[in-house]
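Colleague: The structure is given below, and queries will be raised subsequently.
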Amino acid sequence: MFASMSAWRMPTLFIMSGLLLAGCGSDQSEARFQQFQQALGSPSLLNTGSDTTRANEAHRPLPSVQQLAVNADKVTLGDQLYHDGKLSKDGTVACAFCHVVARGGIDGLPVSIGVGGAQGGINAPTVLNSGFNFRQFWDGRAATLADQAKGPPENPIEMAHKWPDIVQTLKADAAYQQKFARLYPEGITVDTVVDAIAEFEKTLITPNSPYDRYLAGDKTAMKAQAVNGLKLFSDYGCISCHQGINMGGNLYQKMGALVAYFDEKHKPTAADQGLAGRSKRVEDQNVFKVPSLRNVALTAPYFHNAAAPNLTEAVRIMSANQLGRVMPDNEIADIVAFLESLTGETPKIAAVK
Ligand code: HEC
Ligand code: HEC
């Protein structure tokens, strides 16, 4: 599958600022990435155990929805629940309110707005392809999509409801009763509700981006500028962090890996702590799950704090703070062209058709 990407099969090593940054792309990449992560500060919540199952693959095309092993009836039920305001206290805030599938799986806001106009403290990541992430949330606190889905309904600044009340409301709906009874012997429970939502989310994938077609062998799928951007993305070492099938979502890394990002200017908030917020370890300060770059052209503003309004600015900051490099404007433009080739097909779901 990767025959055309021979550059990535070589052990690409980058030596910068005295650090050895090991590139990905070979079968032994896992050990090298452990080394890379250690060189960058060894976050204590590094991928271990099941976290590694999806990690450390080279970029590869997304599968088609038909290739996924999902239960179609659960997907339909999950689709309905995902779009149902009944999961929120005032009946108006569905998951889809903040994660609009037809618009890159986000809300397009710097921070989300929940029930009663409550403002969140962090930028909403996309739900598209999130099933490929090794953990969920910026700080990786949920291990699975089902685990993740338990959070928003009870989050006071999101859906502000209580699970026992949600289960009661759903049970009062005869159509839901019937659908759940057919799929789950235990009927409507917190676990069955989030299981159906997770099954639906697994199908929110965006295959056939120009880059995926390029990876699959169609050398005409990307324009020359994007191909050059891909080369720069690899040569500069962006690929060391944004890697795996989701081009991210399989490692934790520090924001400001080589050059400190948070300073007086940026006024750190609780959300800026990243993993340290839950691990309380100094070395986890400002460490986040590396976000997926798939469909990134659709998901401005960028970063957990929405500090970059566009891709040009995001790439400039990445280059400066993650790689310690001042990147010329023409190279930034080429990388942006590459990032724009990562937009795949919008999932065909009932609400989008
Ligand atoms: C009020 C807006 C809002 C609502 C409603 C909401 N979310 Fe989110 N979602 C967010 C924000 C903000 C985050 C990031 C929080 C964090 O990382 O700490 C997030 C994170 C996620 C993630 C993690 C993605 C990743 O890559 O880490 C998934 C998946 C997700 N939400 C799915 C859902 C589902 C399913 C529902 C409904 C049960 C839902 N969301 C309801 C705002 C919202
Ligand atoms: C050392 C690891 C590392 C390297 C190298 C790296 N990134 Fe990142 N990237 C991250 C992390 C971590 C974030 C999230 C930062 C945050 O939200 O505060 C991120 C975020 C981004 C985002 C914003 C995504 C979003 O949805 O908000 C873009 C775009 C991006 N990186 C592109 C690049 C490019 C292009 C390069 C190479 C010039 C690069 N990155 C190099 C770790 C890295």
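The values are calculated or read from the model by the stated rules, or taken from the named source; none is laboratory data. Because the structure is predicted, anything quoted here is derived from the model rather than measured. When we count neighbours, we look across all protein chains shown, and the Cβ atoms used for this are built from the backbone with ideal geometry, even at glycine.
Colleague: Taking Tyr252, is it more than 16 Å from Val336 (Cβ to Cβ) and in contact with a helix residue (DSSP H, G or I) (Cβ under 9 Å, 6 or more places away or on another chain)?
Modeller: yes
Colleague: Further question on the same structure: Looking at region 302-309, can you tell me whether even one residue there is modelled with pLDDT of 95 or more, buried (at least 18 other Cβ atoms within 10 Å of the Cβ) and out of contact with any helix residue (DSSP H, G or I) (no Cβ under 8 Å at 6 or more places or on another chain)?
Modeller: No: zero hits.
Colleague: Further, regarding this structure: Residue check: is Lys219 in a loop (DSSP other than H, G, I, E, B), at pLDDT below 95 and under 28 Å from Arg316 (Cα atoms)? Write out each step before concluding.
Modeller: Values: in a loop (DSSP other than H, G, I, E, B): yes; at pLDDT below 95: yes; under 28 Å from Arg316 (Cα atoms): yes.
So Lys219 fits the description; yes.
Colleague: Looking at the structure I just gave you, is Ala149 free of Cβ contacts under 8 Å to residues at least 60 places away in the same chain, buried (at least 22 other Cβ atoms within 10 Å of the Cβ) and under 25 Å from Tyr302 (Cα atoms)?
Modeller: For Ala149, the condition - free of Cβ contacts under 8 Å to residues at least 60 places away in the same chain, buried (at least 22 other Cβ atoms within 10 Å of the Cβ) and under 25 Å from Tyr302 (Cα atoms) - is met.
Colleague: With the checklist (1) within 16 Å of ligand 1 (Cβ to nearest atom); (2) modelled with pLDDT under 95 in hand, flag the one item Lys348 doesn't pass.
Modeller: (1)
Colleague: Among the residues of region 270-292, how many are away from ligand 1 (no atom under 12 Å from the Cβ) and assigned to a loop (DSSP other than H, G, I, E, B)?
Modeller: Within region 270-292, residues that are away from ligand 1 (no atom under 12 Å from the Cβ) and assigned to a loop (DSSP other than H, G, I, E, B) number 4.
Colleague: Now for a different question. If you take the residues of region 235-270 that are in contact (Cβ under 8 Å) with a residue 40 or more places away in the chain, more than 9 Å from ligand 2 (Cβ to nearest atom) and within 21 Å of Val111 (Cα to Cα), which of them is surrounded by the most Cβ atoms within 10 Å (Cβ to Cβ)?
Modeller: If we take residues in region 235-270 being in contact (Cβ under 8 Å) with a residue 40 or more places away in the chain, more than 9 Å from ligand 2 (Cβ to nearest atom) and within 21 Å of Val111 (Cα to Cα), then Gly249 is surrounded by the most Cβ atoms within 10 Å (Cβ to Cβ).
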